[in-house]
Amino acid sequence: MTRMLYALDFFCGAGGLTRGFLDAGIRVLAGLDLNEDCRRTYEENNVPAKFVQCDLRRVTAADIRRYIGSIPSDQLVFAGCAPCQPFSKLNRSGVRNKTLLSDFGRLVAEFKPAYVVIENVPGLVKIKGNSTYRRFIRRLRQLGYSLACGVLDAKYYGVPQNRRRWVVIGALDSEPELPPRTHGTPKRQFATVRDAIGEYPAIAAGESLLSVPNHRAAHISPRNLKRLRATPKDGGSRNAWPKDLVLDCHSKDYEGHSDV
């Protein structure tokens, strides 16, 4: 008989990871995040999980025990997807938040849950020196966790988007594995945006349809509409635009951000 697993989702945001846990049959005890604005979206999409507004730097073991109750550690999953902005390649400030992942590690060491999951941008592992990430991984190994680590791209799992994330799965009493790809083969093609939203009525730029929740289209200038129409479908980029539509900042053989 498979044991029931219970998760705490730290840095839960709007609850995407919580939703995945619930869909996988893992009961989520609570999602914890500093941003109170996430509560409504989190709770409406993740019943019966509850949102807890808190600063992880100030959360104590006693606080966590209130959510866990008598559930034994070998049935617990701690997920900690710390904010990715400090590690993003778009971050040019040089500021690195060195406490959030460490505070998550502090709670992992206190409770030693059966499984630990973290997810972040791939840039997390590229920071030089004795980074917060490396210290966190070293701490997991010292606690006895076996690890599976690597980059997963959401397009290989049925999401119509290129979205690469560094994923770590730690387990105390087993050898974890990253999930095998489900899409991107001749038998099961990548999902497309049309697959995801093609059923909804077409609307023009700047319009909305009240009968379908969140069905709104941003206002787009006539010139940008021309750019969109000049972009080939299924992977096209601005490189296909005629010269009169090319932005000045891209006119001198600039190769970056071609898909923006």
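When every alpha-carbon pair in the chain is counted, what percent end up more than 31 Å apart? Roughly 38 percent, once rounded to a whole number. If the chain linking ARG227 and ARG138 were pulled fully straight, counting 0.36 nm for each residue of separation and taking away their Cα-Cα distance, it would gain 27.2 nm. Of LYS155/LYS233; LYS112/LYS155; LYS187/LYS233; LYS126/LYS187; LYS155/LYS243, which pairs sit farther than 25 Å apart, going by alpha carbon to alpha carbon? Distance filter (> 25 Å) returns LYS112/LYS155; LYS126/LYS187; LYS155/LYS243.
To test your reading of the geometry: what angle, between 0 and 90 degrees and rounded to tens, separates the Cα axis of helix 100-111 from the longest principal axis of the chain? Long axis of 100-111 versus the principal axis of the chain: about 30 degrees. Taking region 197-260, which trypsin sites (Lys or Arg not before Pro) meet the DSSP loop condition and have no more than 10 other C-beta atoms within 10 Å? In loop regions of region 197-260 (DSSP not H, G, I, E or B), the sparsely surrounded trypsin sites (Lys or Arg not before Pro) are LYS233, LYS252. Computed over the chain, relative contact order equals 11 percent, with contacts defined as Cα pairs under 8 Å that lie 6+ residues apart. Counting DSSP beta bridges in the chain, what percent are antiparallel, to the nearest 5? For the chain, the DSSP antiparallel bridge percentage is about 45. Between 0 and 90 degrees, the angle of helix 132-142 with respect to the longest Cα principal axis of the chain falls at about 40 degrees.
Taking a ≥ b ≥ c as the square roots of the eigenvalues of the Cα gyration tensor, region 24-64 is oblate, since a/c reaches 1.5 or more and a/b is not larger than b/c.
For the chain, a Gaussian network of Cα nodes joined below 10 Å ranks HIS219, HIS250, HIS183 by mean-square fluctuation, and the top entry is HIS250.
Values in this text are rule-based calculations from the coordinates and carry no lab data. Everything numeric in this text was worked out from a predicted model, so none of it was measured. Every residue, glycine among them, receives a Cβ derived from its backbone with ideal geometry; neighbour counts consider all protein chains shown.
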